[in-house]
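The values are calculated or read from the model by the stated rules, or taken from the named source; none is laboratory data. Everything numeric here is computed off the predicted structure, so don't read it as measured data. As a convention, Cβ positions derive from the backbone with ideal geometry for all residues, glycine included, and neighbour counts pool all protein chains shown. To get the accessible areas, we keep the full protein, side chains included, count just its heavy atoms, and leave off ligands, DNA and RNA. Shrake-Rupley method; radii C 1.70, N 1.55, O 1.52, S 1.80 Å.
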Amino acid sequence: MKRFQFSLQSVLKVKRAQEKQQIAELTECNARIREFERLLEELFSEERAQNERYRQELEEGITPLYMMFWRWAQMAVRDKIEYRKKVLEEAEGERQRIETALVAVMRERKVLERLREKEWEEYRAEQQRESAAELAEFMGHSVFTTHEGV
């Protein structure tokens, strides 16, 4: 009796490994995105605090030169925010690419697993047919030898 051997087992194994790799990449990418979001929120908080300090300074009265320094500081924070937004957008694009690749690999793996299941069912049916044929042959032979001996 031959053992079941899926003809595309090595391909299925590779697809499973690729799926694990994509999941790991997606997990890492999501962690980076959370970190970028945290850093962006910190910059927004810094900007709000800076604007509040600027309003307080304005109420107390500041010189035009000091106003220019505040403006530079505000522009620097805005530049940092814009840069962080761009980095976040790129990371989200990367996440989308990884998710698309993951879905494709999962589909391929599922197709292979369905094919494997189909081959397994065919193998089992063949084994049952062979067992039934062997049993019929044995029963037919036993009956024949029993009748001859009588």
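Okay, here's what the table says:
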read-out	value
Residues in the stretch 91-105 reached by a label modelled at ASN30 [backbone nitrogen below 12 Å; 7 Å Cα→Cβ]	99
Lysine pairs meeting the criterion (Cα under 16 Å, 8 or more apart or interchain), as found in the chain	4
Fluctuation leader among ALA24, ALA73, ALA132 - the chain, Gaussian network, Cα springs under 10 angstrom	ALA132
Rg(Cα) / (2.2 N^0.38 Å) computed for the chain, rounded to two decimals	2.38
Per residue accessible area of the chain, 1.4 Å probe, in Å²	76 Å²
Pair MET68, GLU119: separation of 7 Å Cα→Cβ label points (nm)	7.7 nm
